Amino acid sequence: MRLPAVAALVFAAALAAASPAAAQRPEGGPARPPQDQPTQDQPPPVRNRESIQIGLSTNKVAITADFSGADLTIFGSLENADPLVTRQGRYDIIVVLEGPAQEVVVRRKERVLGMWINMESETFTNVPVSYSVATTRQPQDITDASSYKRLSLGADNLHIEPVDRNGTPATIEEFRQGLRDRKAAAGLFSMRVGGVEFLSQSLFRASLPLSPSVPVGTHKARAFLFKNGVFIQESSAQLSIVKSGFEQTIYRFSTNHGLSYGILATLLAVVTGWLGRIVFRKD
């Protein structure tokens, strides 16, 4: 009979078919997939999230009596930026320079008997003395109003709260808007559309104005990164604005020795008036 020979051929064929699979597994271990094919348990590589970093052209600005304003340059870079999003121009940056906060009293003048007299007033707390904004394009093209409000980004979205919250909301809002208008008229609240420009795919530059009446103190520069209208990350740096020269000496003396400064100022005014009377005296 030929059955043994046929059985031998079938067994040899089965052994040849099984030998490649056996060669790919260690002895006594499970079969391993080829190295060029990912396993189902291995997740795909995850790209790091975009981030933003900024640096100031100078960390200290010294102003004198003849200071007429200047432009502050802020440099920054994007890290882990998506090349496709960059080519499509869907990254946006808003840079803010915010001055120190203080308490501000807003008064309303009314005409009484031919004279303008301060009548009503409202006191607001934590008001930045200056607030400058630079953007890559029009604010409405970057993100929506709710995002600006949530981030307290922009002069209209600052949390300017009154000390006395028992007043009429309409009246408080009227004084709040009057405060913004006065700050804008003095050049302390400003916006520069297009003030942020990309120098390359990852480097950018922002230019912000410093008003001639910019107050001294520690100012904070903040950069906000948006991708397709969604806020990604914020970075910040500090800027110190100080007086220099003779003005700085007087400022420090008046701050540290208030009583002596007041007495000297009064004596100087008396002497100046007395000398003026002698010089312009008519015989």
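Details
- When each of the peptides 56-64, 175-183 is scored by how many other beta carbons lie within 10 Å of its residues on average, the order from highest to lowest is 175-183, 56-64.
- Taken per residue, the accessible surface of the range 177-239 reaches 46 Å², heavy atoms only and a 1.4 Å probe.
- Sorted peptide list for 184-197, 252-265, criterion being average Cβ within 10 angstrom, highest first: 184-197, 252-265
- In this Cβ point-charge picture (+1 for Lys and Arg, -1 for Asp and Glu), the range 90-178 has a dipole of about 120 debye about its Cα centre.
- The range 158-255, Cα convex hull volume normalised per residue, Å³: 185 Å³
- Computed lengthening from residue 266 to residue 159, 0.36 nm per intervening residue step minus Cα-Cα distance: 34.5 nm
- Listed residues 210, 194, 155: farthest to the positive end of the dipole of the range 91-243 (Cβ charges): 210
- Net lengthening on full extension, residue 86/residue 152 (0.36 nm per residue, minus Cα-Cα): 21.1 nm
- Spin-label model, residue 166 to residue 109: label points 7 Å out along the Cα-to-beta-carbon direction sit 3.0 nm apart.
- Between the range 60-89 and the range 169-235, the Cα center-to-center distance that results, in Å: 12 Å
- More than 17 Å apart - percent of Cα-Cα pairs taken over the range 134-208: 59 percent
- Descending Cα extents along the principal axes, the range 68-225, whole Å: 67, 36, 26
- Rounded to the nearest angstrom and listed largest first, the equivalent-ellipsoid semi-axes of the range 51-91 from its Cα gyration tensor are 34, 12, 4.
- Heavy-atom accessible surface of the range 147-205: percent carbon and sulfur, 1.4 Å: 50 percent
- Full extension of the chain between residue 123 and residue 250 gives 42.8 nm of extra length, using 0.36 nm per residue less the Cα-Cα distance.
The values are calculated or read from the model by the stated rules, or taken from the named source; none is laboratory data. Remember, predicted model here, so these are calculated numbers, not experimental data. Note that we place each Cβ from the backbone using ideal geometry, even for glycine, and neighbour counts take in every protein chain shown. The area values use the complete protein model at the heavy-atom level, side chains included, leaving out ligands, DNA and RNA. Shrake-Rupley method; radii C 1.70, N 1.55, O 1.52, S 1.80 Å.
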